[in-house]
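Some notes on the structure that comes next.
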Amino acid sequence: MAKCKQCDQAIEFVKLGNGKWHPVEARESEVFYFHRDQPGMPRVKIVTANGSFFSGRLGTRHENGVTRLEGWLSHFTSCEGREEAPPF
């Protein structure tokens, strides 16, 4: 298992559709309910097993207009060692 050079947290990598590797939180994949491309907090980036990348605002499964995805949180969403905005 790899560690983030910025915050020393355990991370894993998922291969994106463009062939690049993206750091994600080191845990089992989860089911997320979120509002795609909507502003607001908490804002997340989710990477799926097939390498698709989605951004939006977290919601609950009972809210209207939520998208259900299984995947991993991008590590850039939670890295405490990053000083600049993630490259999204």
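Annotations for the structure displayed:
- Semi-axis lengths, Å, the chain, gyration tensor of Cα atoms, sqrt of 5 times eigenvalues: 22, 15, 12
- Simple spin-label estimate for Thr60 and Val44 in nanometres, 7 Å along Cα-Cβ: 1.5 nm
- Remark on Ile11: its backbone amide H falls under 5 Å from those of Ala2, Lys3, Cys4, a criterion applied only to residues 5 or more positions apart or on other chains, H modelled at 1.01 Å from N.
- Backbone amide hydrogens, once placed in the peptide plane, bring Gly56 within less than 5 Å of Asp37, Val44, excluding anything fewer than 5 places away on its chain.
- Here the mean projected area of the convex hull built on the C-alpha positions of the range 1-43 is 4.5 nm².
- For a modelled paramagnetic label at His35, 7 Å from Cα along Cα-to-Cβ, the residues of the range 49-72 in reach, with backbone nitrogen under 18 Å, are 54-69.
- Signed unit charges on C-beta, dipole axis of the chain, positive-most listed residue Ser78, Met41, Val14: Val14
- Net +/- balance of residues flanking Trp72 in space, Cβ distance below 13 Å, scoring K and R +1, D and E -1: -2
FYI, it's all coordinate maths here, none of it is from the lab. Note that the structure is predicted; figures quoted are calculated from it, not measured. When we count neighbours, we look across all protein chains shown, and the Cβ atoms used for this are built from the backbone with ideal geometry, even at glycine.
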